[in-house]
Amino acid sequence: MFYNQLTGGDSLKTFGERLRELRHENHITGDELGKKFNVTKTAISYWENGKSFSSIMSERHYTVLYNLIQ
């Protein structure tokens, strides 16, 4: 269920596309989201554009993402 919410139920959307969509829907800047993840706004931009992604996602990161979609 969480995966469907995170991907918007559309398996064709990438994680980055959905992250950007959720961030915009919730009026959160890349800098603000970066602070929640303890990364730079550049890292958020890279994630959204599929340039890189941390392979280590902590429970805290999933909680932040989950709260974005609620």
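The values are calculated or read from the model by the stated rules, or taken from the named source; none is laboratory data. The structure presented is a predicted model; accordingly, all values stated were derived computationally and were not measured. When we count neighbours, we look across all protein chains shown, and the Cβ atoms used for this are built from the backbone with ideal geometry, even at glycine. Note: accessible area is taken over every heavy atom of the protein model, side chains too, but ligands, DNA and RNA are not part of it. Shrake-Rupley method; radii C 1.70, N 1.55, O 1.52, S 1.80 Å.
State whether one or more residues within region 44-61 are modelled with pLDDT under 85, acidic (Asp, Glu) and loosely packed, with under 12 Cβ neighbours inside 10 Å. Within region 44-61, one or more residues are modelled with pLDDT under 85, acidic (Asp, Glu) and loosely packed, with under 12 Cβ neighbours inside 10 Å.
For region 13-23, the count of residues that are modelled with pLDDT under 85 and more than 10 Å from the chain's Cα centre (by Cα) is nonzero. Just one of (1) at positive phi; (2) of a type outside the set (A, V, I, L, M, F, W, C); (3) modelled with pLDDT under 85 fails for His27. It is (3). Applying the selection to region 22-41, what residues are open to solvent by 60 Å² or more (accessible area, probe 1.4 Å) and part of a helix (DSSP H, G or I)? Scanning region 22-41 gives His24, Glu25, Asp31, Glu32, Lys35, Lys36, Lys41.
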